[in-house]
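As structure tokens, the structure follows; a few thoughts come after it.
The values are calculated or read from the model by the stated rules, or taken from the named source; none is laboratory data. Predicted model, so just to flag it, every value in this text is computed and none were measured. A quick note on method: Cβ atoms are made from the backbone with ideal geometry, for glycine too, and the neighbour counts reach across all protein chains shown. These area figures cover heavy atoms from the full protein model, side chains too; ligands, DNA and RNA do not enter into them. Shrake-Rupley method; radii C 1.70, N 1.55, O 1.52, S 1.80 Å.
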Amino acid sequence: MEIRQFKEADAEQYRALRLEALIKEPEAFASSYEENRRKPLAHTIERIRAQSENNISLGAFQEEKCVGMAVLIRQTAKKMAHKANLLSMYVSAEARGKGIGKALLKEVVDHGRQMEGLEQIQLTVVSTNEAARNLYLSAGFSVYGKEAKAMKIGERYYDEDWMTLLLHNV
């Protein structure tokens, strides 16, 4: 397995994995399949091109097939630049149970630790997603809040836990 930043050549696989994630686990993402399927491949290419030290999109590849993804985006406001958000974390169902999520999360955290002045990584996770919650907890994240009815899909609501990881002794 290889974990690395997405390249333009990965755009089709990245887009396909993102759409898969939105179909299979809609409650885990703020955006929807319906919103994203209409976006052209050029939109994904632009996201890849927009990567920087403060905005990375990582892919997990097994034999050149993209099976996982995670995005880390640092906040840009001066008073908030000590924080970054982990978004769009997903591992395809057939690749789960092989340590890919743990490896992706480690790579994100390691990258965060290398970002000058970054003190914490934050994320939200659906409260009922025990596998994801346990992964984040095992990596040192802690819950600092809960948002009731954070998302609504059809007539069903989903609560989210807000989690943070302090990167250094601050």
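Select from region 114-153 the residues that are among the hydroxyl-bearing types (S, T, Y) and in contact with a Leu (Cβ under 8 Å, 6 or more places away or on another chain) and write down the one among them that is least open to solvent (accessible area, probe 1.4 Å).
Y136
Pairs needed: first member in region 50-74, without any contact (Cβ under 8 Å) to a residue 24 or more places away in the chain; second member anywhere, in a loop (DSSP other than H, G, I, E, B); C-beta distance under 8 Å; at least 6 residues apart or different chains.
As it stands, the answer is I73/N54, since those pairs meet every condition given.
So for region 47-70 (the condition being closer than 16 Å to E20 by Cβ and of a type in the set (D, E)), does at least one residue qualify?
no
Open to solvent by less than 10 Å² (accessible area, probe 1.4 Å), in contact with a His (Cβ under 7 Å, 6 or more places away or on another chain) and farther than 17 Å from M163 by Cα: is that true of I100 in this structure?
No.
Looking at region 96-103, is at least one residue in contact (Cβ under 8 Å) with a residue 60 or more places away in the chain, in contact with a Gly (Cβ under 7 Å, 6 or more places away or on another chain) and either at positive phi or hydroxyl-bearing (S, T, Y) (or both)?
Taking every residue of region 96-103 in turn, none turns out to be in contact (Cβ under 8 Å) with a residue 60 or more places away in the chain, in contact with a Gly (Cβ under 7 Å, 6 or more places away or on another chain) and either at positive phi or hydroxyl-bearing (S, T, Y) (or both).
Condition first: basic (K, R), touching a residue at least 12 places away in the same chain (Cβ under 8 Å), under 22 Å from G101 (Cα atoms) and not in a strand (DSSP E or B). Can you find one or more residues in region 21-33 that meet it?
Scanning region 21-33, I find at least one residue that is basic (K, R), touching a residue at least 12 places away in the same chain (Cβ under 8 Å), under 22 Å from G101 (Cα atoms) and not in a strand (DSSP E or B), so the answer is yes.
Could you tell me which numbered condition H168 fails, if it satisfies all but one of (1) of a type outside the set (A, V, I, L, M, F, W, C); (2) open to solvent by less than 30 Å² (accessible area, probe 1.4 Å); (3) at pLDDT below 95?
H168 satisfies all of (1) of a type outside the set (A, V, I, L, M, F, W, C); (2) open to solvent by less than 30 Å² (accessible area, probe 1.4 Å); (3) at pLDDT below 95 except (2).
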